Amino acid sequence: MNKNVVVIGTHWGDEGKGKIVDLLTEKVAAVVRFQGGHNAGHTLVVEGVTTVLHLIPSGILRQGVRCLIGNGVVLSIPDLFAEIDKLEATGLAVTERLVVSFGCPLIMPYHIALDACRERRRGNQKIGTTGRGIGPAYEDKVARRGLRVQDLFNEQSLTFKLEELLDYHNFVLEKYFGSKAISVAECLAASAAYADRLKPLVGDVVAELGSLKAAGAKILFEGAQGALLDIDHGTYPFVTSSNTTAGAISSGCGVGPLDLDYILGITKAYTTRVGEGPFPTELLNETGQYLADKGHEFGSTTGRPRRCGWFDGYALKRVSQLNSLSAICLTKMDVLDGLDEISICVDYDHSVAEDPRPVYEVVPGWQETTAGVRTLAGLPANARDYLAKIEAVCGIPIDFVSTGPDREDTIVLKEIF
Ligand code: GDP
Ligand code: IMO
Ligand code: MG
């Protein structure tokens, strides 16, 4: 039986990862985030109550599940505590189950300022980032000058490091971008001020994972963003600044590749993207608008409208290779209800121009509602054919189908634990 299960987005994020992680937490001891930061927005709906998570792993709604934030996650401490406070105000005990790695790089006020300045400077070439300082924080990490969680607990050396960092970043902010300088005091307020509160949450996530393995525990690894936003394999430069593919798990929290037993790609029954960048199957017509309206396609982090298009099977085949996908979960099936015809991108035609042109196969839609259907037999025949077609085109089994935002609105075709 599988012990270590990975949930990862297959396209440009917002595929429904949070919902599926929450569903699968019933049988696990821990959920681990290993990359990204609070650019993520993962929506969980349980008995009609909606919770949106940005940094806290999507295991938090299940009593007893440990939630680990690995060293690969860039951490904004004020945002972490804002999220904890919001959850605890609903009566949920968060801190006793949360562990934050001492190695997480910190997102600081100058990262947020740099993110904004860069985007402004890029003009119509902007990436459309979430404005959370994610990219600049990863840059500092790779440049080997960034602050990490462990730096918070020695205020004297923290102040010294901050002075050096600000010397450098303020030069760029003021002289290159003509923007305002950031002060040491602002940075201390956004970090050291939380040190006492953070201290009990800080731990050695690598050691925790080692103990869980020794105890034979089941663990879920929760990806953020999607494979096409991967810094190496995505639609560069319109990507995020971390590796979003399964390979990032080893470096981002501390389990080796041979320990991963089952890798589930979360895929929307159509495709969406927030922010700028190529999107070959994008629908700039009333069908795209239909999907956006029916699917309530607005970003969970920034509230921006999501661009919508047809299912991209060509991308999925590639992403399956990148991640060693065991299977996929097809989400938001219900959003396709009512369409006369549905197109599936089965390939890209690279011969015509610089931009690949999608090659479509058109299949009949269905008029019945699939919302909330929980068995395969309960789906209309054309919806079942759509699933079979996707499996055939992509060569990947569909082990789960999601038919609504609620945890229970799911067709489970395979028991993975
Ligand atoms: P994530 O970032 O991958 O966790 O996805 P988001 O939470 O950002 O976006 C997915 C959105 O779709 C959320 O609003 C979910 O509540 C919703 N959702 C998830 N699965 C389904 C589904 O099967 N049907 C419908 N209609 N909505 C869904
Ligand atoms: P979840 O985990 C969708 C996108 C941004 C932008 C690009 C770079 O909810 O699926 P960044 O702020 O990371 O530097 O922005 O990546 N992006 C996401 N899009 N879902 C997300 O997360 C995203 N996180 C970042 O819109 O195009
Ligand atoms: Mg999201």
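Which length gain, in nm to one decimal place, applies between residue 359 and residue 285 when the Cα-Cα distance is subtracted from 0.36 nm times their residue separation?
Extra length available between residue 359 and residue 285 comes to 24.8 nm.
The ratio of the alpha-carbon radius of gyration of the range 88-156 to the globular-protein estimate 2.2 N^0.38 Å is 1.43. According to the Kirkwood relation over distinct C-alpha pairs, the hydrodynamic radius of the range 109-200 is 14.0 Å.
For the range 36-195, the C-alpha radius of gyration divided by 2.2 N^0.38 Å, with N the number of residues, is 1.11. When peptides 319-330, 78-89, 215-226 are ranked by their average number of other Cβ atoms within 10 Å per residue, the highest-first order is 215-226, 319-330, 78-89.
Just the number, please: Stokes-Einstein D of the range 336-388 in µm²/s, Kirkwood Rh from C-alpha pairs, 37 °C, 0.692 mPa s. In µm²/s, the coefficient is 258. Shape of the range 286-328 from the C-alpha gyration tensor: prolate (a/c of 1.5 or more and a/b above b/c, with a ≥ b ≥ c the square roots of its eigenvalues).
Looking at the range 293-368, which GluC sites (Glu not before Pro) are in a loop (DSSP not H, G, I, E or B) and have at most 12 other Cβ atoms within 10 Å? Write down the numbers at each step before the final one.
Values: sites: 297, 341, 354, 361, 368; in loops: 297, 354, 368.
Qualifying residues, ordered by number: 354.
For the range 214-359, report the convex hull volume of the alpha-carbon atoms normalised per residue, in Å³, without decimals.
Numbers: hull volume 20.2 nm³, N = 146.
Here the figure is 139 Å³ per residue.
The distance from the alpha carbon centre of the range 339-406 to that of the range 83-134 is 34 Å, rounded to a whole number. Helical content alone sets the calculated 222 nm signal of the chain at -8500 deg cm²/dmol, taking -39,500 (n - 2.57) per DSSP H segment of four or more residues and averaging over every residue. Along the charge dipole of the range 109-200, Cβ charges K/R +1 and D/E -1, which of 138, 183, 150 sits furthest on the positive end? Of the listed residues, the answer is 138.
Rounded to two decimal places and with Rh computed the Kirkwood way over Cα pairs, what is Rg over Rh for the range 278-417?
Numbers: Rg = 15.3 Å, Rh = 16.0 Å.
Taking Rg over the Kirkwood Rh, I get 0.96.
If the chain linking residue 381 and residue 27 were pulled fully straight, counting 0.36 nm for each residue of separation and taking away their Cα-Cα distance, it would gain 124.2 nm. Taking every DSSP beta bridge that has both ends in the chain, the antiparallel portion is near 40%.
Projecting the alpha carbon convex hull of the chain along each direction and taking the average yields 20.2 nm².
If contacts are Cα pairs under 8 angstrom and at least 6 residues apart, what is the relative contact order of the range 205-259 in percent? Walk me through the numbers before you get to the answer.
Details: 50 pairs, mean separation 16.9, N = 55.
Averaging sequence separation for qualifying contacts and normalising by length gives 31 percent for the range 205-259.
Given a cut-off of 27 Å, name the pairs among 27/294; 332/389; 86/180; 218/294 whose C-alpha atoms lie farther apart than that in the structure shown.
On the way: 27/294 32 Å; 332/389 17 Å; 86/180 31 Å; 218/294 36 Å.
Beyond 27 Å between Cα atoms: 27/294; 86/180; 218/294.
Note on residue 349 and residue 392: the extension gain reaches 13.5 nm, defined as 0.36 nm multiplied by sequence separation minus the Cα-Cα distance. Ranked by how many other Cβ atoms sit within 10 Å of their own Cβ, fewest first, the residues 140, 259, 151 fall in the order 259, 151, 140. The relative contact order of the chain comes to 21 percent, based on Cα pairs under 8 Å that sit 6 or more residues apart.
Computed from the coordinates by the stated procedures, all read-outs in this text should not be read as laboratory data. Since this is a predicted model, take the numbers as computed values, not measurements. Neighbour counts are summed over all protein chains in view; Cβ atoms, including those assigned to glycine, are modelled from backbone coordinates with ideal geometry.
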